[in-house]
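One structure below.
The values are calculated or read from the model by the stated rules, or taken from the named source; none is laboratory data. Values in this document were obtained by computation on a predicted structure and should not be read as measured data. Glycine also receives a Cβ, built like all others from the backbone with ideal geometry; neighbour counts cover every protein chain displayed. Keep in mind that these areas ignore ligands, DNA and RNA; they rest on the heavy atoms of the full protein, side chains included. Shrake-Rupley method; radii C 1.70, N 1.55, O 1.52, S 1.80 Å.
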Amino acid sequence: MRRALTLAAPRLTLAMRRAHTAASIAHAKHCLRTADAVCFDFDSTLIGEEGIDVLAEHCGAGAEVAAWTTKAMDGGVKFEDAIAARLDLIKPSKNDVAECLRRHPPVITPGAAELCAKLAERGTAVYVVSGGFRAMIEATALEAFGVPKERIFANTILWDADGAYSGFDATEPTSKDGGKPAVIAKLKEEGAQTVVMVGDGATDAQAKPPADAFIGFGGVVARDAVVAKADWFVEDFHDVVAALAES
């Protein structure tokens, strides 16, 4: 009898796990449809690459910086340590950033612009909450996704009077570990009742709580830590667009 119960336990656990997954997906979809605000990561979410890696490649420090990016996105190192190390390797001038954007304009993720537009039509405020850089985000956020700079939380590269790299603004909430939950807590203090975070990295997963739901995105890269923590993990933004239309 004991042996039969032991053999049955794994099947029961799997069934419970499937039920929990279905429940968490339903919860994420409900939060999405009722959200006051939906916050998107930018790199490898709204766009199909990591902007800092593209900038590093443009400046000749691609391999070293990509290794730091992987560690940061997988949660293997504190984000503030990763951003400082990567910028020290690149040391991008103001002209470097402008020329990089000219030569390598961001590639929009399929379905992302449609999703942001559908949310806006519903009266949902769309935000960008990113560990990337304002100088590389603002124009695309507005033109492709309709997100003005006042709804962008991101990092600021500092330049001297000649446009040479002089550091970054460490007071930006997204410049450090735990920054994304701090941004969402601020939105809630300002009146947002239901907030959803969408992103591909460990710092996005950190946002719940206080985010009411976390939708993990794997259309560019799928990370184990994100799959494990997401209420709903998607690889195609068209699936999220379709969920908005569900009753």
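See the values below:
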read-out: Two-site FRET efficiency, A117 against A161, from Cβ-Cβ distance with R₀ of 45 Å, rounded to 0.05; value: 0.65
read-out: Label-point separation, A26 to E235 (7 Å along Cα→Cβ), nm; value: 2.6 nm
read-out: Of [x] 36; [y] 43; [z] 31, the label for percent of Cα pairs over 27 Å apart derived from the coordinates; value: [x]
read-out: The stretch 160-175 - phi-based ³J(HN,Hα) in whole Hz, Karplus 6.51/-1.76/1.60, Gly and Pro as x; value: 7, 4, 8, x, 7, 4, 9, x, 9, 7, 6, 8, 5, x, 7, 7
read-out: S93 accessible area, assembled protein chains, probe 1.4 Å, Å²; value: 30 Å²
read-out: Carbon + sulfur, % of accessible area of the chain - ligands and nucleic acids excluded, 1.4 Å; value: 55 percent
read-out: Helix 94-103 axis, angle to the chain major axis (alpha carbon atoms, nearest 10°); value: 60 degrees
read-out: Local electrostatic count, E64, Cβ distance below 11 Å [Lys/Arg +1, Asp/Glu -1]; value: -2
read-out: Length-normalised contact order of the chain in % [C-alpha pairs under 8 Å, at least 6 apart]; value: 25 percent
read-out: Cα-Cα over 23 Å, subset of K71/K94; K149/K186; K118/K229; K29/K118; K71/K229; value: K71/K94; K118/K229
read-out: Antiparallel bridge percentage (DSSP; both residues within the stretch 27-184; nearest 5); value: 35 percent
read-out: Over the chain: helical MRE at 222 nm, DSSP H runs n ≥ 4 each giving -39500 (n - 2.57), nearest 500; value: -16000 deg cm²/dmol
read-out: Accessible surface ranking that places the most exposed of M136, M197 first, with a 1.4 angstrom probe; value: M136, M197
read-out: For the stretch 193-247: rounded, prolate or oblate by the Cα gyration tensor [a/c cutoff 1.5]; value: oblate
read-out: Summed residue charge, Cβ within 11 Å of A35's Cβ, Lys/Arg positive, Asp/Glu negative; value: +1
read-out: Length gained when the stretch L142-A245 is fully extended (0.36 nm per residue, less Cα-Cα span); value: 34.6 nm
read-out: Net lengthening on full extension, A66/R103 (0.36 nm per residue, minus Cα-Cα); value: 11.4 nm
read-out: Antiparallel content of DSSP bridges confined to the stretch 104-247, in %, to 5; value: 25 percent
